[in-house]
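Worksheet: the structure to be examined is printed underneath.
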Amino acid sequence: MALLEIKNLHATVDDKPILNGLDLTIGGGEVHAIMGPNGSGKSTLSYVLSGRDGYEVTGGEVLFDGKNLLEMEADERAREGVFLAFQYPVEIPGVTSITFLRTAVNAVRQHHGESPFDAMDFVKYIREKAAGLNVSDDMLKRAVNTGFSGGEKKRMEILQMAALDPKLAILDETDSGLDIDALKVVAEGVNAMRSDERGLLVITHYQRLLDYIVPDHVHVLAKGRIVKSGGKELAHELEESGYAEFLEDAA
Amino acid sequence: MAADAEALEQVRTIGEQYKYGFVTDIEADFAPKGLNEDIVRFISKKKEEPEWMLEWRLKAYRHWLTMEEPKWQKPQYPEIDFQDSYYYAAPKTGDKPKSLDEVDPQLLEVYEKLGIPLREQEVLAGVEGAPAVAVDAVFDSVSVATTYKAKLEEQGIIFCSISEAVREHPELVKQYLGSVVPYSDNYYATLNSAVFTDGSFVYIPKGKRCPMELSTYFRINAENTGQFERTLIIADEGSYVSYLEGCTAPQRDENQLHAAVVELVTLDDAEIKYSTVQNWYPGDEDGKGGIYNFVTKRAACRGKNSKVSWTQVETGSAITWKYPSCILQGDNSVGEFYSVAITNNAQLADTGTKMIHIGKNTRSRIISKGISAGKADQTYRGLVRIQRGANGARNYTQCDSLLIGDKCGAHTIPYIESQNPSAQVEHEATTSRIGEDQLFYCRQRGMDEEEAVALIVNGFCKEVLQTLPMEFAVEAQKLVGISLEGSVG
Amino acid sequence: MPDGSGHMQPYLDQALEGASNLVGSGVDWIDALRRAGADAYGTHGLPKRRDEYWRYTNLNALADEEFRLANGAPAIGLPSLPHKLVAELATYRVVVVNGRLRPDLCALDGLPDDVLVSGLEDLMAAAPARLEPYLGKIIRLDEMPMAALNTAFLRDGMAMFVGDRVVLDKPVHLISITAPGDRPLMVQPRHLVVLGKNASATLIETHITAEGGSSFNNIVAELHMDDGAKLNHFVFQEEAETSVHLSGTAVAMGADTTYDSFVLQSGGAIGRSEIHAYLNGTGGDCRLDGVYLASDKQVVDNTTFVEHAAPGCRSRQVYKGVLDGQSRGVFQGKVHVLRDAQQTDGHQLSRALLLSPRAEIDARPELEIYADDVKCSHGATAGELDDDSLFYLLSRGIPREDARRMLIEAFLSEAIAEIPLEQVAEDFTTHVRQWLANNVGSARGQD
Ligand SMILES: Nc1ncnc2c1ncn2[C@@H]1O[C@H](COP(=O)(O)OP(=O)(O)O)[C@@H](O)[C@H]1O
Ligand SMILES: [Mg+2]
């Protein structure tokens, strides 16, 4: 059984159809990349999978570990192991990152019948994960994403992923706004998370990120559906040819 | 930027402070001075009104007698002697002229001098290439000319004086007059309901976009005369109209009262854009003379997805006191209020808006820019009310005041009332003086202080000025500069 | 003092009845002060909806039911206080029950030299001349009708004098207890605080109600700050849901003074905190912050007037409220900058969260400005929790109710972060959590 099975998915935002019959299957241990022009519905797909309000599924189904994902609330999906690294991480003034992380990690642990971390143990746990990502104690004490630079925000997203240990991680344009050094740090963090069980869905506009997170499969999303799939070489082809042909084809 | 340069040019070349202050020596037909039931009957008779209209006026008059003049506003003024004023003054020209050729040439000259085109082939003064504008010209108590009527009639659009509408379209007037501002609404609106003399009437039928701007130009000429005009605009389903209103008055030493009522109604999917450039005589530097501009303007967005947008540039009048408002009844309806108010010398203003959110997903936006100079005092007063059922309503208010000189005042009094958790209300206000570094920068580039102030203030107001139709925007920019003359140095 | 139509305003008869038997009666200035209060209130009467600063807070309850002035302080002991950490602080303690000082419950040992803390009535009897320069001098009776009523009843409360340059080593904790019997009870406490030049003090007020029927607590505090003085002022309004709590505080600030006030209101059927701050000397710095939490049918009103009368002063206000049930929050704040008060920096922020479809917020932030070299601004928002933030928390697996509580706490933290006393800040946080646990779903997660 595949980890994630998306069948003929249709979704609207404000009554406007954005996803128009999308099919995608991701198995455990696989890394899939979705590429596509701006506005093709990449972020929409990530929000539909993570259960954001306002993104209405009008057709199709999504099975996660064999369970109907679309029936679950957003927090339930997260506890079941769906993680989204946001294209634009949200600033939450007044909530420190460490409190936020601990609340989230403990919610997931309790969901799996594990005992929650106390404050001391959690600091140890998170420091270990943070070290490789260059996330300082100081950052952990600041309010979630508030006043963070673009690079800090993305590193914080990856730290959350590492801390929550999801079965499926969706990375939405995690490369945008990063210089090459920051990109390497983030990519190393992601690669460290590759395992035989975990699925990865890497959404990106450019091929550059895929030099560092090498995918098993590459898909092109245009006008709300997958219009072409291939191996990692497809990313390079797209870099050469651009997306123009898909915009016409899909019309 | 071109428009800014033009504004500067205007500031440079204008010698006099108030260029519309001339008096036209035109023989007028007055009702006897004072106010009583006979005057109300006299006005109604002059206008050849049906009985129901007279009854409505009398009901208002009798109610007015029971009311007290309000005192809560910031600008206080000496008690008005309502018996010492004329309630009806009309240029003595016999019957309303059938065509422009029959209009008294002296009257035409007035409008020419004011830059108002009454010949259909003309356009607003000084704006080359501007599209045609249909004009209703109101002189004291009567409409003297309405242009492009025939052309508009072809499309079923009614644009005429309110007096004519009472006679020719009684069913529409009966249905809508007083339906937004009831005769008992407030002291001055009630007075207006009793003695209103003229004003404009507009009806846009279903699905029609009015092909040209409609405009009314108000002129007070006669001495000791109050002007009480009444405007009613109805936009039927899916229609659109942009309406402009301008006003001037001669320079006189005594105060004159202008108490108008404007009612707007939009049905489903309809939109009205209402723009005002108010340039009544403001009085002299010491506060002698000038118009008391006490106006009730209100829009009912009855239909779903309907929209009303008020834009006002208030530079004239001794006292301005008005709150153009929107009652957002229809789901998804939108109300907007864009305002520039400039008070200089001894002018006073208490102005703002009310946005009443009743329907679901209703939206309102308030952008108010107040500039106070000289010894002037200005208040922004606004109400945003979100009623219990207005799920998903949104309001955004930005309210900025600029002070020029240390003898003026600027006040901001918003009332924010929300009864619905899913509504978002956001209000921001700032008060500051004109930036010294900005002034210095401009002057270092060779501008004199007045030019620099005009330029900076125009920038401060830009967000509002750019919502005006092009024909008015240029005039408004010039006015901004002119109104602030003598405020620096 | 009947009004123009010969009608006697409610409660005025009670004030006039007892006046001649009170301590201080026969002292000219005290008689005059009580009379001025009675006159001002007699002219105005109970505030009504048409009074600009009372349009959102309805006092009909006071007209419908006759509250009787408390007759002495009942012999109750010190109850446990709702704010544990504050209760544990080392403080000088002053206890006022039903508006009368209870010396037996006070703890004032070790007060430094040149500091006097006493009952107002005691001082009025012993040394009225000490009070004369201050008492009734900063309350504007014509602008504060309820303070005028309090002045007509002028009798007892706390009087506190801190001498020049004295830095008080411990906060003074004023515990104000309303102990109603079975009849509707009225109390009219009056407090006076005088800080000398460069003196520094912390004043904590806790307002609670003992078991019993309904009560009406009408408090006035006058705070005089001489040049360079510094006052931290915390108020915890935790009265019972059967109580009408009206508090009027006026503070006169000299040059280079710092007044830092924080008000928590979560009690009362009606709770109103009205603060008038007068920045009379250059370099004054005034901070007014507050948090209010309301549920059921509570009305919580925060009204502030900040008058910049001198140049170069600064004022900052942040009020945040959370409204549940059918409660109503009111914020009215006025920043008034007089002609000569150049270089004024004034800022005001009111933010309210509505948790329930029956709750309501009415805000009226106001700027009245007559000087041009100023930087003044205000902001006001009302609404529910931000969708994006809520989704972000949910997407990390945090259950909805916990996520909501975290965000509400974060919303309030901006105001709480301004509290300079650590234990007080901590106490606030605990209090807020408790309130949220009681009002926003079931308690879970967190510590
Ligand atoms: N909240 C929204 N409201 C309305 N339209 C939206 C919203 N979010 C996305 N869209 C529209 O959906 C389409 C797809 O957007 P998105 O999924 O963000 O694309 P991508 O991530 O591929 O750039 C775009 O046309 C965008 O304008
Ligand atoms: Mg995207």
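Derivation of every value follows stated rules applied to the coordinates shown; laboratory data play no part. Remember, predicted model here, so these are calculated numbers, not experimental data. Quick reminder, even Gly has a Cβ in these numbers, built from the backbone with ideal geometry, and neighbours come from all protein chains shown.
Things worth noting here:
- Under 18 Å of direct C-alpha separation, and excluding same-chain neighbours fewer than eight residues apart, residue B:375 reaches these lysines: B:74, B:288, B:407.
- Filter on B:208/B:297; B:45/B:71; B:151/B:369 - keep pairs with C-alpha separation over 32 Å: B:45/B:71; B:151/B:369
- Peptide-level mean, for B:430-442, of C-beta atoms on other protein chains within 10 Å: 3
- From least to most packed, judged by other beta carbons within 10 angstrom and beginning with the fewest, A:61, A:5 follow the order A:61, A:5.
- Rel. contact order, % - alpha carbon contacts under 8 angstrom, at least six apart, chain A: 28
- Choice from C:354, C:195, C:390 with maximal GNM fluctuation in chain C (Cα, 10 Å cutoff): C:390
- Counted over chain B, the DSSP beta bridges are approximately 10% antiparallel.
- Backbone amide hydrogens, once placed in the peptide plane, bring residue A:174 within less than 5 Å of A:203, excluding anything fewer than 5 places away on its chain.
- 0 to 90° range, to nearest 10: angle between helix C:422-439 axis and chain C longest Cα axis: 60
- Neighbour counts of other Cβ atoms within 10 Å put A:30, B:37 in the fewest-to-most order B:37, A:30.
- Cα extents of the stretch B:334-489 along the three principal axes, largest first (Å): 56, 33, 25
- With all pairs of different C-alpha atoms in the average, the Kirkwood value for the hydrodynamic radius of chain B is 22.7 Å.
- Computed from label points 7 Å out along Cα-Cβ, the spacing between residue C:127 and residue A:13 is 7.2 nm.
- For chain C: relative contact order, % (alpha-carbon pairs under 8 angstrom, 6 or more apart): 10
- Evaluated at q = 0.20, 0.26 Å⁻¹: base-10 log I(q)/I(0), Debye formula over Cα of the stretch C:394-442: -0.69, -0.94
- Legend: ranking of residues B:355, A:72 from fewest to most surrounding C-beta atoms inside 10 Å; resulting order A:72, B:355.
- With θ taken as phi - 60° and the Karplus curve 6.51 cos²θ - 1.76 cosθ + 1.60 applied, the whole-hertz 3J(HN,Hα) list for the stretch C:75-84 is 7, 8, x, 6, x, 6, 9, x, 10, 4 Hz, x standing for glycine and proline.
- Gyration tensor analysis over the Cα atoms of the stretch A:10-112 returns equivalent ellipsoid semi-axes of 25, 18, 14 Å (largest first, whole Å).
- Here the 3J(HN,Hα) profile of the stretch C:357-368, calculated from phi with Karplus coefficients 6.51, -1.76 and 1.60 at θ = phi - 60°, is x, 9, 7, 8, 10, 10, 10, 8, x, 9, 10, 10 Hz, Gly and Pro shown as x.
- Antiparallel content of DSSP bridges confined to chain C, in %, to 5: 5
- Remark: C-alpha extents of the stretch B:359-441 on the principal axes read 49, 26, 14 Å, sorted largest to smallest.
- Compactness of the stretch C:51-202 was expressed as the Cα radius of gyration divided by 2.2 N^0.38 Å, which yields 1.15.
- Cα gyration tensor, the protein assembly as shown - rounded (a/c under 1.5), prolate or oblate: oblate
- Here the scattering of the stretch C:278-396 is modelled by Debye summation over its C-alpha atoms, one equal scatterer each and no solvent; at q = 0.14, 0.15, 0.20 Å⁻¹ the log10 of I(q)/I(0) is -0.64, -0.69, -0.95.
- Placed amide H near residue C:192: partners under 5 Å, 5+ positions off or other chain: C:158, C:159, C:160, C:222
- Between the stretch C:177-237 and the stretch C:314-392, the Cα center-to-center distance that results, in Å: 25
- Computed from Cα atoms alone, the Kirkwood hydrodynamic radius reported for the stretch C:12-281 is 18.6 Å.
- Distance from the stretch A:8-22 to the stretch A:143-192 (C-alpha centre basis), Å: 28
- With the gyration tensor restricted to C-alpha atoms of the stretch C:137-293, the semi-axes of the equivalent ellipsoid amount to 28, 16, 14 Å, longest first.
- In units of the rule-of-thumb radius 2.2 N^0.38 Å, chain A shows an alpha carbon radius of gyration of 1.00.
- Close Lys pairs in the stretch C:12-281 (alpha-carbon distance under 24 Å; sequence gap of 8 or more, or different chains): 6.
- Using alpha carbons only, the radius of gyration of the stretch A:120-251 set against its Kirkwood radius gives Rg/Rh = 1.03.
- Partner chain coverage, peptide C:401-408 - average Cβ within 10 angstrom: 3
- Euclidean distance of C-alpha centroids, the stretch B:254-270 and the stretch B:337-371, integer Å: 15
- Neighbouring partner chain Cβ atoms per residue of A:50-58, average, 10 Å criterion: 2
- Sorted into 10 angstrom bins from 0, the C-alpha pair distances of the stretch C:234-292 split as 23, 44, 23, 9, 1 percent.
- Antiparallel bridge percentage (DSSP; both residues within the protein assembly as shown; nearest 5): 15
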